[in-house]
Every structure is written in structure tokens, then in C-alpha cells.
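Since every read-out is calculated from the coordinates, none of them should be taken as a lab result. It should be emphasised that the depicted structure is a prediction, and the values quoted were computed from it without experimental measurement. Quick reminder, even Gly has a Cβ in these numbers, built from the backbone with ideal geometry, and neighbours come from all protein chains shown.
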Amino acid sequence: MGYLALNIKKYGPPDVALELLEIPFEEPRNNEVVVSIDAVGMHIADGLAVRGEEVLKPLASTPGFEGVGTIKKVGKKVSILKEGDKVLLPMGTGSMRQELKIKARDLTKIKQPYAPDEQLSLITVNGFTAYFLLKDFVNLEKGDWLIQNAANSNVGRYLIALAKIHGVKTFNIVRRKEVMPELKKLGATKLIMDSEHRESACLNEILKKNIKLGIDAVAGEATEYLAKSLADQGLLINYGTVTKQPCHITFWTLFRKDIKLCGMSTLNGFEKRTKKRVKEIHQELASLVNKKSLQTKIAATYSIENYLSAYEHIDKSGNQRDGKIVLLPNH
């Protein structure tokens with residue numbers, strides 16, 4: 001008898017790259033615990049990783065970048081955690097499994113009352129990304145504005161909520177009008193359609209707000225429109241490419257406005273901080289989820305035995321998916 005875990009046996013499509021293994025149950029050593037995995041957030045990067053398009057996971061390893069679980073067993077020298085505690089896994093631990101043996105100090109304990117596991121499972125990747133976008137690039141004060149596209153993405157939603165908490169106003173660009181009421185409820189200050197953003201009258205109104213920070217997850221020509229929306233010497237950060245195109249900014253926009261464009265890596269945000277500070281932020285994000293200040297849409301949940309359907313859902317819907325995919329290993 002044992003627990004189930006996914007394994008990347010070779011790079012390729014999920015149906016040939018992945019296998020579901022039964023692993024013997026493990027006992028924790030002195031400073032370790034065994035975590036029963038409750039939920040695992042899934043991302044487009046999971047599909048890229050198994051195909052080897054982004055070598056984020058080596059072969060013969062368990063995929064999964066984030067997750068939430070419950071302490072099942074505790075090693076003899078562990079005093080900071082006990083059986084039944086709810087914990088967040090550190091990024092990149094290989095969470096697509098039913099159980100995980102790990103050092104107790106690497107986990108982040110969550111305070112009660114707990115939000116649903118599906119919500120808690122998604123804050124390690126997208127939550128930290130939104131936090132770092134807000135905090136690491138421009139010193140925004142209360143009343144300042146930022147502008148972002150792909151505002152209906154999970155990072156976009158988290159960024160709206162975090163900005164509101166910190167008194168920062170958000171100018172949000174979306175492609176579907178029906179999502180506007182949801183984003184307004186989260187705290188979006190201003191919402192416009194992507195088609196509106198391309199109109200010169202709209203750009204002129206945006207420029208009056210003197211926005212110094214733009215956040216781009218679309219790339220392609222959308223990067224140019226964000227650059228045009230910024231105040232002179234503004235900073236434009238790209239963290240994704242919905243269009244699967246390079247960022248495009250014309251020479252004249254750069255020349256006339258002195259705009260700076262930079263990429264953003266969540267891993268760099270971790271490296272700028274101590275492990276203690278990372279854990280504090282992790283706990284802060286979990287607390288906001290528990291209070292329903294940070295919430296995202298869930299498109300579907302899958303059991304670990306039905307992992308191929310989960311990967312198929314990610315691959316087919318891509319960035320057009322209305323919500324996140326979550327794996328529930330023990331359901």
C-alpha cells in the first residue's frame with residue numbers, strides 16, 4: 001500500500017510524458033513532517049514543463065509548483081507544527097501527489113478559519129507574483145495609479161485586491177465586458193475594454209492620471225498601448241504573453257516618452273527577500289484569502305487519477321479559460 005504521485009518520465013504530451021505511480025508510505029525523520037496534499041493549483045506552465053518547452057522540472061520528478069495540505073505525521077523533534085495543521089507548500093516542491101515528506105521549517109502554517117482549499121492552493125505562484133509587481137518596481141503611494149492589461153487573469157485579480165488594500169488605484173483593461181462587475185467588486189478603480197484603449201481620446205484621458213507603472217501580460221501590440229498610457233519616464237513591466245508574441249514598442253514611443261521596459265520573474269522576488277520575510281508574506285496572503293479579500297475563479301477541479309483531463313483542460317482553453325484549474329489529490 002502507498003500513496004499516488006505523478007511522475008514526469010519523459011518530455012512530451014501529458015499522455016506519454018506522465019505516469020501515475022504508487023509510492024510506499026513514508027515516515028518523517030526528526031525534523032520532518034508528512035503532509036497530506038489537499039489541493040494543487042495548476043498553470044499553463046505545468047503543460048509547458050511536461051513537454052520540455054520550459055525545462056522547469058527535471059525528468060523522473062513530480063510536477064506541481066504549489067499546493068496546500070494538512071499535517072498527517074510529525075517527526076520527533078518538530079515543535080512548530082502538529083497533526084491537523086493546515087500548511088502552504090514552498091514553490092516548486094512537486095505537489096501533484098497525495099503525500100509529501102518535507103522539512104517542517106520549509107512549510108508556512110495557516111491560521112484559522114480556513115478558506116476553501118481550492119482558493120488557498122493558488123496563492124503561492126500568482127499571489128506572490130501580484131505582490132512583487134505591486135511592491136518591487138515603483139514606490140507607489142496612496143492615491144497613485146497603476147495600469148494593467150489582462151486584468152481578469154488570476155494575477156490581475158490579485159493585483160486589483162492588493163492595490164486596493166494599499167490605497168493604490170488601478171486602471172484595468174479587459175477583453176470581455178461581462179467580467180467588469182466581478183472586477184469592480186474586487187476593488188477595480190477603473191475598467192475599460194481593450195478596444196477602447198486603442199482610441200486616442202481614451203489614451204488622452206489616461207495620460208491625465210500621470211501613471212508611472214504599467215503591467216503587461218499580453219505582449220504584442222498591447223505593450224505599445226500601455227507604453228503610450230504611461231507618464232514620461234514611466235516603467236512598463238511584462239510578466240506574460242497572452243498573444244505569444246514579443247513585446248512591441250515603437251522607437252518613437254520610447255524616444256519621445258523615455259519609457260523603460262523590463263521583464264519580471266517571481267523567482268527574483270523570492271531571491272530579494274530572506275526566507276523569514278517570504279514566509280511572512282505567504283502568511284499575509286493566506287490571511288487575505290481566508291478573509292475573502294483575495295479570491296479567484298475556479299473553472300474546474302480534478303482528482304489525481306483524472307490528471308489527463310486536467311492537463312487537457314489547461315491546454316485546450318489556455319488563456320481564454322474562465323478561471324483556474326485545481327487538482328484535488330485526495331478526493
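Under 26 Å between alpha carbons, and skipping anything fewer than 8 positions from residue 76 in its own chain: which lysines qualify?
86, 101, 103, 109, 111, 275, 276, 279
At 222 nm, what helix-only mean residue ellipticity would the chain give, in deg cm²/dmol to the nearest 500, using -39500 (n - 2.57) for each DSSP H run of four or more?
On the way: 13 runs with 104 residues, N = 331.
Estimated from H runs of four or more residues: -8500 deg cm²/dmol.
Residue 316: which lysines have alpha carbons under 17 Å from its alpha carbon, excluding same-chain residues fewer than 8 sequence positions away?
244, 324
Could you order the peptides 122-128, 50-56, 169-175, 232-238 from most to least packed, using the average number of other C-beta atoms within 10 Å per residue? Intermediate results must be reported in sequence, preceding the final value.
Values: 122-128: 25.6, 50-56: 15.1, 169-175: 22.9, 232-238: 17.6.
The packing order, highest mean first, is 122-128, 169-175, 232-238, 50-56.
How long is the gain from residue 48 to residue 280 if the chain were fully straight, where each residue apart is worth 0.36 nm and the alpha carbon distance is subtracted? Mind showing how you got there, number by number?
Working: separation 232, 0.36 × 232 = 83.52 nm, distance 3.02 nm.
Gain in length upon complete extension: 80.5 nm.
Please give the helix 307-317 orientation as an angle from the longest Cα principal axis of the chain, in degrees from 0 to 90, rounded to the nearest 10.
Its long axis makes an angle of about 10 degrees.
Name the lysines eligible as straight-distance cross-link partners of residue 212: C-alpha to C-alpha under 24 Å, and not fewer than 8 places from it in the same chain.
Straight-line reach from residue 212, under 24 Å: 135, 142, 164, 169, 184, 190, 228, 257, 260, 272.
Evaluate the distance, in nm, between pseudo-label points positioned 7 Å from the Cα of residue 182 and of residue 210 along their respective Cα→Cβ axes.
The modelled label-to-label distance comes out at 3.5 nm.
What distance in nm separates the two pseudo spin-label positions at residue 221 and residue 76, each 7 Å out from Cα along the beta-carbon direction?
It is 6.9 nm.
Listed highest first by mean packing, meaning other Cβ atoms within 10 Å per residue, what order do 242-255, 143-156, 91-104 come in? Mind showing how you got there, number by number?
On the way: 242-255: 13.5, 143-156: 23.2, 91-104: 20.7.
Ranked by mean Cβ neighbours within 10 Å, highest first: 143-156, 91-104, 242-255.
What is the angle, in °, between the Cα long axis of helix 154-165 and the longest principal axis of the Cα atoms in the chain? Nearest 10 is fine, range 0 to 90.
Relative to the chain, helix 154-165 is tipped by roughly 70 degrees.
Taking 30 Å as R0, compute the FRET efficiency from the Cβ-Cβ separation of residue 103 and residue 10 and round it to 0.05.
Numbers: r = 30 Å, r/R0 = 0.99.
About 0.50, to the nearest 0.05.
What order do you get for 63-72, 81-90 when each peptide is scored by the mean count of other beta carbon atoms within 10 Å, highest first? Provide the component values of the computation, followed by the final result.
Numbers: 63-72: 25.0, 81-90: 18.4.
Top of the packing list down: 63-72, 81-90.
Taking 0.36 nm per residue of sequence separation and subtracting the Cα-Cα distance, how much length would be gained by fully extending the chain between residue 262 and residue 22, in nm to one decimal? Please list the in-between numbers first.
On the way: separation 240, 0.36 × 240 = 86.40 nm, distance 4.38 nm.
Extending this stretch completely gives an extra 82.0 nm.
For the stretch 240-326, state the semi-axes of the equivalent ellipsoid (square roots of 5 times the eigenvalues of the alpha-carbon gyration tensor), sorted largest first and rounded to whole angstrom.
Values: eigenvalues 197, 120, 35 Å².
Each semi-axis is the square root of five times an eigenvalue, giving 31, 24, 13 Å.
Would you please name the GluC sites (Glu not before Pro) within the stretch 149-242 that are DSSP coil residues with at most 14 other C-beta atoms within 10 Å of their C-beta?
Details: sites: 178, 182, 196, 199, 205, 221, 224; in loops: 199.
Sparse-neighbourhood loop GluC sites (Glu not before Pro): 199.
Work out the FRET efficiency for residue 331 and residue 300 from their Cβ-Cβ distance, taking R0 = 22 Å, and round it to the nearest 0.05. Could the numbers behind the result be given before it?
Numbers: r = 13 Å, r/R0 = 0.58.
Efficiency, rounded to the nearest 0.05: 0.95.
Grab every C-alpha pair in the stretch 125-267, bin the distances at 5 angstrom width from 0 up to the longest one, and report whole percents.
Final binned percentages: 2, 10, 22, 26, 23, 12, 4, 0.
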